[in-house]
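Just below is one structure, and these are the notes that go with it.
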Amino acid sequence: STEQGDAHSTEDDHNGGSGTEEQQEGHDGSGPSTEQGDAHSTEDDHNGGSGTEEEHNQGHDEDPHTNHSDADSTEGEDAEHSDGHSRRLSGGGGDYATYEECLEKSCEADVSHHCGLTPDVFTLIGHAGVALMIFESGMHFDFERAMVVGPKACCVAVLGTILPLITGTILTVIYGKPLLPDGISVGTALAPTSVGIALRLLGEAGVLQQDFGQAIITAAFVDDILSLILFNVLFSLRGDFDVIRVVVFPVVGVIFMGLAMVAAVKFWPQFISDVIMPRIPQKKGPAKVSSADEALFLVMFALLIVYGTITHFLGTHLWGCFIAGMSFACVKPLHHPHHVWVKQTKRATSWMIRIFFSATVAFSIPVSKLLSIEAFLKGSLMGIGPCILTKVCCAPFMGPAKFVIGWAMVGRAEFAYLIAQMAAAGGMMDSDTFSIVIWALLYATIFAPFIFRKVLDRYVKEHCADVIAQESGEAKDESGDVVRLEDIDLKGAAA
């Protein structure tokens, strides 16, 4: 089938419509159908096509049947055709007023698809940096601590994922955008949480081991897992509805993640420590990097590639990157794999992330629309409501620490911007909506660290001062003063 079937009639039409009855049935839907118009022939075609060629072509341009087909073809979620098949255009369908608009959106979706298959070098480097960051995040997961605060932390994570998804989707629909794919894309982009700054501040304040500190870390990681699943489902919705891609693949991915988590606790620690490491020959003389660390780094990188490839076919490679990182969370000595990974990749990853924000996200932002008053006002409302308040209110059952946990969940980083950028590149949200999402994410990215620090400072003074003093033995700095939360360098924490 073709995109512009109305502009090209069959040979029988040009010859006066003298084909057999069987050939004429092709125009009723039994023959090969085109994207929009072949299922509805013009009146001249059915009357024998006796008009001149000019009148014949004009009939195709002004045919009411064709216009009616164009208006109804995108009603609901799927385009209905007389042959019983349906098709989504521009990443999930839409209500197009004219045939020209339908063609334009379809062409944009096709261009975005091919650009995704062959990304430019900056996009490729940026996405590789995000993959390395997701892998490193997975290595921070603590299975033992998660068992202690797991149930409540999981509830916080679920609320912290579902509330931004629902409210962001509703507000996008109120702004006049379609539910699918624009609304769901915006809600998914607002769902992820970045725990980087919260992790640093909790550690420097000495409360990382407290129950509320572990609840924050666990909830943030579970939130990332749920966001990855949403991300996978979102990009499975592009094109026609496919049960295998939209339903089966995510279920298989969840099962794979469960098996990988069991392997992370039961298999990989013993396999690396008892099977791989004893067989690695040691280097003679002093070495900057030991043979054991080189072998461990090779195993980590190999597992990253394998797991990322598996989940790539299930929807997104980022899911596999996080699972691969979790596989080394229990390898002993604890945190040593993370030390090896950071030592070898920190500098490269930092530059890749800079390229991601500058040459992937920033290059895709329509500056003229981002700086418009409408985008700023709508983005501000989106940022204050679905982006910030929903996260702040996601832990109402956590007692006095509820606002500390809530503000810790507000932060956003690479993953949220990646979802927005990929949705925009895939034709799942237009440039106006993309600008609104960028403003909303900027609100959370800029304000969350400062407000979280103030809230954490007040909570520590009121509830944790005695506990910290007992555990740290009144830890003092070089001047002999007790270390205070105010002394922590926020800029260093952000870095």
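The values are calculated or read from the model by the stated rules, or taken from the named source; none is laboratory data. Remember, predicted model here, so these are calculated numbers, not experimental data. Glycine also receives a Cβ, built like all others from the backbone with ideal geometry; neighbour counts cover every protein chain displayed. In case anyone asks, the SASA skips ligands and DNA or RNA and just uses the protein heavy atoms, side chains included. Shrake-Rupley method; radii C 1.70, N 1.55, O 1.52, S 1.80 Å.
If a residue must be without any contact (Cβ under 8 Å) to a residue 60 or more places away in the chain and within 30 Å of the chain's Cα centre (by Cα), how many such residues does the range 446-466 contain?
6
Are any residues in the range 362-421 free of Cβ contacts under 8 Å to residues at least 60 places away in the same chain, assigned to a helix (DSSP H, G or I) and open to solvent by 20 Å² or more (accessible area, probe 1.4 Å), and if so, which ones?
Hits for the range 362-421 are A362, V367, S368, I373, E374, L377, I384, L389, G399, K402, F403, W407.
Is it the case, given these coordinates, that L259 is out of contact with any Asp or Glu (no Cβ under 6 Å at 6 or more places or on another chain) and assigned to a helix (DSSP H, G or I)?
Answer is yes for this residue.
Residues in the range 334-352: is at least one β-branched (V, I, T) and over 30 Å from Q270 (Cα atoms)?
No: zero hits.
Would you check if there is a residue in the range 278-290 being open to solvent by less than 80 Å² (accessible area, probe 1.4 Å) and part of a helix (DSSP H, G or I)?
Scanning the range 278-290 turns up no residue that is open to solvent by less than 80 Å² (accessible area, probe 1.4 Å) and part of a helix (DSSP H, G or I).
Take the range 187-224 and flag every residue that is polar (S, T, N, Q), within 25 Å of A424 (Cβ to Cβ) and either open to solvent by 10 Å² or more (accessible area, probe 1.4 Å) or not in a helix (DSSP H, G or I) (or both).
Scanning the range 187-224 gives T193, S194.
Can you tell me which residue in the range 104-116 is modelled with the highest pLDDT, limited to those that are over 15 Å from T360 (Cα atoms) and either hydrophobic (A, V, I, L, M, F, W, C) or in contact with a strand residue (DSSP E or B) (Cβ under 8 Å, 6 or more places away or on another chain) (or both)?
C107
Would you check which residues across the range 230-245 are in a helix (DSSP H, G or I) and either of a type in the set (S, T, N, Q) or surrounded by 18 or more Cβ atoms within 10 Å (Cβ to Cβ) (or both) and list them?
Once the filter is applied, which keeps residues that are in a helix (DSSP H, G or I) and either of a type in the set (S, T, N, Q) or surrounded by 18 or more Cβ atoms within 10 Å (Cβ to Cβ) (or both), the range 230-245 yields L230, F231, N232, V233, L234, R245.
Assess whether M133 counts as being at pLDDT 75 or above and either surrounded by fewer than 17 Cβ atoms within 10 Å (Cβ to Cβ) or farther than 30 Å from C393 by Cβ (or both).
No, not satisfied.
Scan the range 126-139 and report the pairs whose first residue is under 18 Å from K343 (Cβ atoms) and whose second residue is among the hydroxyl-bearing types (S, T, Y), with Cβ atoms within less than 7 Å and a gap of 6+ or a chain change.
Pairs found: G129/T349; L132/T345; L132/T349; M133/T349.
Would the range 316-335 turn up any residue that is part of a helix (DSSP H, G or I), at pLDDT 90 or above and open to solvent by 10 Å² or more (accessible area, probe 1.4 Å)?
No; the residues of the range 316-335 include none that is part of a helix (DSSP H, G or I), at pLDDT 90 or above and open to solvent by 10 Å² or more (accessible area, probe 1.4 Å).
So which residues in the range 360-379 are within 13 Å of A440 (Cβ to Cβ) and touching a Ser or Thr at 6+ places or on another chain (Cβ under 6 Å)?
L370, A375
If you go through the range 232-243 one residue at a time, do you hit one that is closer than 30 Å to L179 by Cβ, of a type in the set (D, E, K, R) and in contact with a helix residue (DSSP H, G or I) (Cβ under 8 Å, 6 or more places away or on another chain)?
yes
Is it true that L441 is at pLDDT 95 or above and assigned to a helix (DSSP H, G or I)?
no
Of the residues D240, D274, which single one is modelled with pLDDT of 85 or more and of a type in the set (D, E)? If you could, list the steps in order and put the result at the bottom.
Working: D240 fails: modelled with pLDDT of 85 or more.
Residue meeting the stated conditions: D274.
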